[in-house]
Each structure stands twice: as structure tokens, then as C-alpha cells.
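Peer 1: I am attaching a structure below and will ask some questions about it afterwards.
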Amino acid sequence: MEEILDRISRGEGTVDDAEALMSLSDPADIERLFEEARRVRDAQFGNRVFTYGFVYFSTYCKNNCTFCYYRRANGDIPRYRKSVEEVVQLAGNLKDAGINLADLTMGEDPVMYADGYKRLLETISAVRDEVGISIMASPGALPREMFKAVREAGADWYACYQETYNREIFESLRVNQSYDDRLGQKTWAMEAGLLAEDGMMIGLGENIRDRAETIVRMGNLGCQQIRAMTFVPQEGTPMQDNVPYGPTEELKAIAVMRVMFPDRLIPCSLDVEGIAGLKTRLAAGANVITSIVPPNRNLAGVAQHELDIENGNRSVEHVFEVLEDLGYRHARSSEYVEFLDSRRPRGDA
Ligand code: SF4
């Protein structure tokens, strides 16, 4: 264990090392891994934590990913599409509350994609012009030539999760979608001057080796933000009866990402365990809180479409209080902008 951590700290970690750490089962060893992850995180970022709000602005989608509640074939569920004005208002609420970034997420909604992605681009540029908060765009897979337009509309980030780097599993989950095209998304985004986020899901049929490979490949791709989330079975989907993992595998993945890629942003999502999962994820080395949702706005989450949203437990004030109780502080938005400027790809496209 110490040998592996030592090798990793010299930047010489391998997939075998990641696999060994992801295989840990003794609670004392796992705690040692978390301790190292905290040490590495604190050395890079101190006790400041960045905060992202979540605006899921269209839950329509043309795709049929087997794990997703919003897959097209899940026909009877209520869906919505927010107007540009509504998105501006929601992003404004996040900014006023001191949240650092608005994550504008949608399914692959044909209405948003029509006329050269007109409404998607209008939504991003309205948030930039009228709100002025940092923006992450999570609009699904785009043609290569669109990334420049997304950057010019005002997005800072482009997020697109590969979920797994096991091609076979990917193809069984993301039905009729191209593995290589989705992989290319992140690179094309960075070429266009956007920061990029990649993510893995735990519990989709992958083994420990797959998880280790996914962590190493996500990090090596150069994405400035990388994440792991536990799969939560969704009603009405082909995977609704899958037995979900407990949180430990996700926590180990967060810690392994942290020790192998110390300078990356690594989120803890409130979307899996709600506010209850915040403490454990921070203790595993995360340094961003994502999926903060304003309550009473009829907005959905991704992994759990209702968890803690309407009761306000994912609200800004509550998250900030919990953070302070844990000895962290939420970063000011000016600090976040400064951080982004120091990491932004130059962009050659
Ligand atoms: S994961 Fe995304 S692309 Fe796939 S069905 Fe759900 S919303 Fe659509």
C-alpha cells in the first residue's frame, strides 16, 4: 500500500496500481487511502470547495440509454422544457446565492438541437449576458464543429461522461451511440478552448479492472474535471431491477482519482445520496459540490430525480452550513473565475 502510494505520488502510478487501490477491502487500508487523498487535495486546494448549481432545463431526449430515467422509451413520465427566460432566472438565483457555476444540462432534445442548435446556443448566451455566472454546458454529444459555437456563446465547460472505458459495456448501455464519437467530444471541446469534464458510473456491469482503467484513461485524456457516480436503478428502465452498489466503490474511485491526478477538480454529487453523502465524499478527496438545486422550482436531478430537492436539503444555504460545520469554506466566485482562467485550454480550433 505505502509503496503504491509512494509510486503514485512520484507521478509513476499505473493501471495496476489503480486496480490494487480499487480492490482494497480492509477498512483501515481504505481509510489510509482517504487520508492520502485528503492530504493531496489540501496541498493543492486548501480548505476551499467550489460549488455548482444544477439547471436541468430539458428532460426530453432522443436516446435510449438503458440506465437513464429520461430515455425516450420511458414514455409516460412527466417531462419539461424550460424557456430561455426561466433558465436565466434559475441561473440568476444560483449566482445571487453565491454559487460558482451553473451547470446547464439537458437530454439530447431535438427541439434544442433544431436550426443549428439555435435554442441551446441562445440559452447559453442569455445566461452569460444576463447573469454572468460561470457556465458548464451538458447538452449531450455534439458535432465537432459545434464546440467553437458553444465556447463563443459563453460556456466555460463542456461535460460529457463516457461512463466506462470498456467499449463493450458502453455499447450495451448507450444504445446506437458511438464510443469513439463520445470520446472525441472531450478532446474537441478542449481544442475549442473549453474546459472538459469526463465521468464514470459505478455499478453498470464493469469489474474492478475496468474501473481502474477508466480512472486512468479519464485522467490521461486531460479533462480538468473528472468524477465518479454510483449507478442508481431507475424505474421504467431495462436496468430498474439491478442491485445498486453501496457508496464505498464510489468513495474509493474519488480517492484514487485524487491521488493519481492531484490538480483536477473532483466533484461530490448530491444526486446519489443527497446531503448525507457530502461528508464522506469530501473526506475521500473531492473538492467540488455539484447538483445543488434550488427547491420549489420543479427541477429534476439526474441520478435521483427527486432526492432532497423539494424539501430544500439541496438548497444553497443548507449546503454552505454543512460545509462550514465540516471545516471547509465555499470559494468566492471571483476565486473560481481566477482558477478557471489558470486552467483554461488555449484552444486551437
Ligand atoms: S443519459 Fe442522456 S443521452 Fe442517454 S437517454 Fe438519458 S438524457 Fe438521453
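The values are calculated or read from the model by the stated rules, or taken from the named source; none is laboratory data. None of the values given here were measured: they were computed from a predicted structure. Cβ sites come from the backbone with ideal geometry, for glycine too, and all protein chains shown count toward neighbours. The area values use the complete protein model at the heavy-atom level, side chains included, leaving out ligands, DNA and RNA. Shrake-Rupley method; radii C 1.70, N 1.55, O 1.52, S 1.80 Å.
Peer 1: Taking only DSSP H segments of four or more residues, each worth -39500 (n - 2.57), what value at 222 nm results for the chain once the sum is divided by all its residues, to the nearest 500 deg cm²/dmol?
Peer 2: Here the helix-only value at 222 nm equals -13500 deg cm²/dmol.
Peer 1: Of the DSSP beta bridges with both residues in the chain, give the percent that are antiparallel, rounding to the nearest 5.
Peer 2: 5 percent
Peer 1: While we're looking at this one, here's another question. Past 27 Å, Cα to Cα: identify those pairs from K95/K118; K148/K279; K62/K252, in the order given.
Peer 2: In this structure, K148/K279; K62/K252 exceed 27 Å between Cα atoms.
Peer 1: Along the principal axes of its C-alpha atoms, what lengths does the chain span, in descending order and rounded to whole Å?
Peer 2: 55, 45, 42
Peer 1: State the answer as a single residue: which of I215, A97, G327 lies farthest towards the positive end of the charge dipole of the chain, with beta carbon charges of +1 for Lys and Arg and -1 for Asp and Glu, about the Cα centre.
Peer 2: Most positive-ward Cα: A97.
Peer 1: On average, how much accessible surface per residue is there in the chain, in Å², for a 1.4 Å probe, leaving out ligands, DNA and RNA?
Peer 2: I get 39 Å² per residue for the chain.
Peer 1: Okay, next question. Suppose R0 equals 41 Å; then what is the FRET efficiency for I208 and E152 from their Cβ-Cβ distance, rounded to the nearest 0.05?
Peer 2: 0.45
Peer 1: Still on this structure, I have one more. Can you give me the % of accessible surface on the chain that is carbon or sulfur? Probe 1.4 Å, all protein chains present, nothing else counted.
Peer 2: Solvent-exposed carbon and sulfur of the chain make up 46 percent of the total.
Peer 1: With a 4.7 Å Cβ cut-off, tell me which Cys residues in the chain come up empty for a partner.
Peer 2: C61, C160, C223, C268
Peer 1: Under the definition of Cα pairs under 8 Å and six or more residues apart, what whole-number percent is the relative contact order of the range 130-286?
Peer 2: 18 percent
Peer 1: While we're here: Using a simple spin-label model with points 7 Å from Cα along the Cα→Cβ vector, what separation in nm is obtained for D263 and D76?
Peer 2: 5.3 nm
Peer 1: Can you list, bin by bin at 10 Å, the percent of alpha carbon pairs in the range 110-225, starting at 0?
Peer 2: Cα pair-distance distribution for the range 110-225, in percent: 14, 42, 31, 13, 1.
Peer 1: Please list 3J(HN,Hα) in residue order for the range 74-82, calculated via the Karplus relation 6.51 cos²θ - 1.76 cosθ + 1.60 where θ = phi - 60°; whole Hz, with x for glycine and proline.
Peer 2: Values, residue by residue: 7, x, 8, 6, x, 10, 8, 9, 7 Hz.
Peer 1: Taking the range 180-266, which GluC sites (Glu not before Pro) meet the DSSP loop condition and have no more than 10 other C-beta atoms within 10 Å?
Peer 2: Here the GluC sites (Glu not before Pro) that fit, given the DSSP loop and packing criteria, are E235.
Peer 1: What FRET efficiency comes out for the pair K279/R217, r = Cβ-Cβ distance, R0 = 25 Å, nearest 0.05?
Peer 2: For R0 = 25 Å, the calculated efficiency reads 0.30.
Peer 1: Could you compute Rg(Cα) / (2.2 N^0.38 Å) for the range 203-295, with N its residue count?
Peer 2: 1.10
Peer 1: Oh, and also: Kirkwood hydrodynamic radius, the range 1-130, all distinct C-alpha pairs: what's the number in Å?
Peer 2: Mean inverse Cα-Cα distance, inverted, gives 18.6 Å.
Peer 1: Treat every Asp and Glu Cβ in the range 8-59 as -1 and every Lys and Arg Cβ as +1, leave all other atoms uncharged, and give the resulting dipole magnitude about the Cα centre to the nearest 20 debye.
Peer 2: 440 debye
Peer 1: Would you mind calculating the gained length between R32 and V111 on full extension (0.36 nm times residue separation, minus the Cα-Cα distance), in nm to one decimal?
Peer 2: Full-extension gain reported as 23.5 nm.
Peer 1: So how strong a dipole does the range 1-102 carry about its Cα centre when Lys and Arg Cβ are +1 and Asp and Glu Cβ are -1, to the nearest 20 debye?
Peer 2: It comes to approximately 1000 debye.
Peer 1: Any idea what the dipole of the chain comes to, in debye rounded to 20, about its Cα centre with Lys/Arg Cβ at +1 and Asp/Glu Cβ at -1?
Peer 2: In debye, rounded to 20, the chain gives about 720.
Peer 1: Something else about it: Looking at the range 27-161 only, what percent of DSSP beta bridges run antiparallel? Nearest 5 please.
Peer 2: Once the DSSP bridges in the range 27-161 are tallied, antiparallel ones form about 5 percent.
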